[in-house]
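Q: The following block contains the structure, expressed as C-alpha cells.
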Amino acid sequence: MSKIRLTKEFRFEMAHALYGYDGPCKNIHGHSYCLHVTVIGKPIQDSSATKNGMLMDFTDLKAIVQQQIIEPLDHALMLNGGSPHKDLVNASLDQQRLVLVDFQPTCENMLIYFAQLITPHLPHGVTLHNMLLRETPTSYAEWFAADQY
C-alpha cells in the first residue's frame, strides 16, 4: 500500500514583534498568515471502517489545528516572554489575547512550535510530514519532519 500525503490550509491573523531585531519587525505589527499542514501515512484499508480509504478525515485534521493553533492565535499578539515588550503590552492590554512564548516569534520558530503542538494529537499511523507558514504573499518558511533527524 502506498503512502499518501494529505494537506489542509488554514488562515489566521496575528501580530508579533521581534525584540532586538535590527529592522522594522522590531515593532509590533501584524500578518495575515496562511498555514499549510501536511500529514503522511497509509490509507485505512478496512471495508468495515467508517473512514475506509482515508488516511485521516480532513475534518479531524482541521479540528486538531483549529484547537491547537488557530483558536489560541487568531487575532492575538505573540511576544517573546523574555523581552521587555511583554511589560508594555501587559500594562495596556488588560486581559487581551496576548500569547507569551519562550522564543523569538519568527516564522521559523513558530513552525517548530506548531509541530510540537500538532504531533501528539495525530491518529496512530499518521505523522506530520511538513508545514508551510506564509507570512506575506511572497514570504514563507517551511518545516519538514525528515529534516529534524
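The numbers here are math on the coordinates, done by the rules we state, and not lab data. Computed from a predicted structure; not experimentally measured. Cβ: placed from backbone, ideal geometry, glycine included. Neighbour counts: every protein chain shown.
Q: With only Lys, Arg, Asp and Glu charged, each at its Cβ (+1 for the first two, -1 for the last two), find how big the charge dipole of the stretch 5-103 is about the Cα centre; round to the nearest 20 debye.
A: 280
Q: Let me know the number of lysine pairs in the chain closer than 30 Å at the Cα, not counting same-chain pairs under 8 apart.
A: Lysine pairs meeting both conditions in the chain amount to 10.
Q: Quick one: order 3, 62, 8 by neighbouring beta-carbon count within 10 Å, fewest to most.
A: Numbers: 3 11, 62 15, 8 18.
Lowest to highest Cβ neighbour count: 3, 62, 8.
Q: Given the -39500 (n - 2.57) contribution per DSSP H run of 4+ residues, what per-residue ellipticity at 222 nm results for the chain, rounded to the nearest 500 deg cm²/dmol?
A: -5500 deg cm²/dmol
Q: Using R₀ = 30 Å, calculate the FRET efficiency as 1/(1 + (r/R₀)^6) where r is the Cβ-Cβ separation of residue 136 and residue 51; round to 0.05.
A: After rounding to 0.05, the efficiency reads 0.25.
Q: Which of these, 130, 80, 52, has the largest mean-square fluctuation under a Gaussian network model of the chain (Cα springs below 10 Å)?
A: With Cα springs under 10 Å in the chain, the top fluctuation among 130, 80, 52 is at 52.
Q: Along the positive direction of the dipole of the chain (beta-carbon charges: Lys, Arg +1; Asp, Glu -1; about the Cα centre), which of 63, 124, 27 reaches farthest?
A: It is 124.
Q: Separation between the residue 116 and residue 4 pseudo-spin-labels, each 7 Å from Cα along Cα→Cβ, expressed in nm?
A: 3.2
Q: Taking the chain as a Gaussian network, Cα atoms linked when under 10 Å apart, which of 50, 136, 38 shows the biggest mean-square fluctuation?
A: Maximum among the listed residues: 50.
Q: Rank 66, 96, 104 by mean-square fluctuation in a GNM of the chain with C-alpha springs under 10 angstrom and give only the top-ranked residue.
A: So, out of 66, 96, 104, the one fluctuating most is 96.
Q: With axes computed from alpha carbons, what is the tilt in degrees of helix 107-118 against the longest principal axis of the chain, rounded to the nearest 10 within 0 to 90?
A: 50
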